[in-house]
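The values are calculated or read from the model by the stated rules, or taken from the named source; none is laboratory data. Please read these numbers as outputs of a predicted model, since none were measured by experiment. Please note: Cβ atoms are built from the backbone with ideal geometry, for glycine as well, and neighbour counts cover all protein chains shown.
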Amino acid sequence: MAFVVSIPTTRPDEVPGNMSRVLRPLDREVFALAVPALGALAAEPLYVLVDTAIVGGFGLVLLALTDVLPHAFTGDERVVERAHQVWWLFAALMPLNGVVFALDGIPPVPATRAS
């Protein structure tokens, strides 16, 4: 499959009529790497949005399983009772955890000093 790109040229060895050329093998390799990378860059914001929604929705799951999940980790009723006291906090913080997870890895903006 040949890629054809229209470029202006003044070189005498180029075809002057249609001003297009067939890409060299190196150009094909660059395009073969650049096109998937461009697709990944375009899809990343959608991935982050969906990921944040899923992690943020874990709070609803925690609230729905208030009586089940603590018993999965312990059989001690005193521990289960203490877990019920703070369970709402775990559920309420899940959307915040989703936002923090989505923003993790974004470098901070360097502070500027006023002169």
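Give me the pairs, please: first residue somewhere in segment 77-100 and over 15 Å from residue 64 (Cα atoms), second residue anywhere and aliphatic (A, V, I, L, M) and at pLDDT below 85, beta-carbon distance under 7 Å, and either six or more positions apart or on two chains.
Pairs found: 97/55; 98/55.
Let's see how each residue does on (1) at pLDDT 75 or above; (2) over 30 Å from residue 46 (Cα atoms); (3) not in a loop (DSSP other than H, G, I, E, B):
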| residue | (1), (2), (3) |
| --- | --- |
| 79 | yes, yes, yes |
| 84 | yes, yes, yes |
| 99 | yes, no, yes |
| 106 | no, no, no |
| 114 | no, yes, no |
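From the list 43, 72, 53, which residue is surrounded by 10 or more Cβ atoms within 10 Å (Cβ to Cβ), at pLDDT 80 or above and assigned to a helix (DSSP H, G or I)?
43
Can you tell me which of (1) at pLDDT below 80; (2) part of a loop (DSSP other than H, G, I, E, B) is the one residue 62 doesn't meet?
Every listed condition holds for residue 62 apart from (2).
Taking segment 1-40 as the search range and keeping residues that are touching a strand residue (DSSP E or B) at 6+ places or on another chain (Cβ under 9 Å) and not in a loop (DSSP other than H, G, I, E, B), which one is modelled with the lowest pLDDT?
Pass one, segment 1-40, residues touching a strand residue (DSSP E or B) at 6+ places or on another chain (Cβ under 9 Å): 2-7, 9, 14-15, 18-23, 27.
Still in the list and also not in a loop (DSSP other than H, G, I, E, B): 4-6, 20-22, 27.
On the way: 4: 56, 5: 56, 6: 55, 20: 49, 21: 58, 22: 61, 27: 80.
Taking the candidates together, the pick is 20.
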